[in-house]
Structure formats: C-alpha cells, structure tokens
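Notes follow once the structure below has been shown.
The values are calculated or read from the model by the stated rules, or taken from the named source; none is laboratory data. A quick note: this is a predicted structure, and the numbers were derived from the prediction, not measured. Note that we place each Cβ from the backbone using ideal geometry, even for glycine, and neighbour counts take in every protein chain shown. Accessible surface areas use protein heavy atoms only, side chains included; no ligands, DNA or RNA. Shrake-Rupley method; radii C 1.70, N 1.55, O 1.52, S 1.80 Å.
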Amino acid sequence: RREEHLKSERVFTYQGRAIRHLKNSFRGACRRAGIEDFRFHDLRHTAASQLVIKGASLKEVQELLGHKTMAMTLRYAHLSKESMRRAVNLLNGLTGGGVCHPTVTRTKEPVGVKS
C-alpha cells in the first residue's frame with residue numbers, strides 16, 4: 001500500500017472514500033448490465049482462469065490470489081475447452097502415425113494412413 005501511495009485501508013474506493021456497501025453496488029451494476037446469477041466472488045475464479053489461459057503459471061496464480069496450497073488454486077483455475085484443445089495439440093507430431101483424438105488438428109497426413 002505504501003509503494004502505491006494508497007491512503008485508504010479499503011481496496012474499493014470512490015473519489016477517495018471507502019465503498020461500504022460493495023455487495024449492493026455490485027448487485028446493482030450486474031442488474032444494469034443484464035448479468036444474472038453472478039456473485040462478486042466469481043470474479044476471483046474468472047481472474048484465475050484467465051491468468052492460466054493467458055499463460056500464467058499456477059504458482060503465479062497461487063501467489064496473486066494468496067492461496068496457501070496449490071490444491072486451493074486448482075479449485076479456482078478453470079480452463080476453457082479451447083485452451084484444453086490447444087494443450088492437446090501440443091502433442092501433434094510426437095509420433096510418426098496413428099490415430100489421434102478427434103479434437104486434435106493435424107497439419108499433414110500421418111505415414112501409412114490413407115484418406
């Protein structure tokens with residue numbers, strides 16, 4: 001807090017004053033935006049997942065979120081189907097042929113397999 005010259009002990013402020021009823025403010029913002037079934041705490045899950053998807057290590061996410069255990073971090077970091085597909089595709093080219101999972105995108109036909 002000293003490095004950033006922050007005066008308030010609160011994380012969320014408006015014009016230098018603490019927001020005391022964050023829950024109500026967040027609920028109102030979601031209602032105005034047409035967002036349903038979303039809690040403030042869901043933002044932690046979203047942040048953790050997006051960090052991992054964008055390339056942050058699980059250790060970095062653990063430190064940022066302040067988790068004591070990696071098990072807790074894993075509960076927060078949810079990967080998208082697309083990021084899982086990209087991870088599987090990293091295995092392309094490791095073998096000379098064979099059949100891969102249907103989600104794997106091939107760049108060329110494997111040896112000995114006819115179309």
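What are the residues in segment 39-63 that are part of a loop (DSSP other than H, G, I, E, B) and either at positive phi or open to solvent by less than 60 Å² (accessible area, probe 1.4 Å) (or both), if any?
If the condition is that a residue be part of a loop (DSSP other than H, G, I, E, B) and either at positive phi or open to solvent by less than 60 Å² (accessible area, probe 1.4 Å) (or both), then Gly55, Ala56, Ser57 are the ones that fit.
Among the residues of segment 27-63, count how many are modelled with pLDDT under 95, more than 14 Å from the chain's Cα centre (by Cα) and of a type in the set (Gly, Ala, Ser).
Adding up the residues that qualify gives 2.
Can you tell me which residue is farthest from Met84 (Cα to Cα) among those in segment 1-24 that are open to solvent by less than 80 Å² (accessible area, probe 1.4 Å) and out of contact with any strand residue (DSSP E or B) (no Cβ under 9 Å at 6 or more places or on another chain)?
From segment 1-24, those open to solvent by less than 80 Å² (accessible area, probe 1.4 Å) are 8, 13, 16, 18-19, 22; that's our starting set.
Still in the running and out of contact with any strand residue (DSSP E or B) (no Cβ under 9 Å at 6 or more places or on another chain): 13, 16, 18, 22.
Details: Thr13: 37, Gly16: 42, Ala18: 40, Leu22: 35 Å.
Residue satisfying both the conditions and the ranking: Gly16.
Which one is modelled with the lowest pLDDT, of the residues in segment 64-94 that are open to solvent by 100 Å² or more (accessible area, probe 1.4 Å) and over 16 Å from Ser49 (Cβ atoms)?
Selected residue: Leu94.
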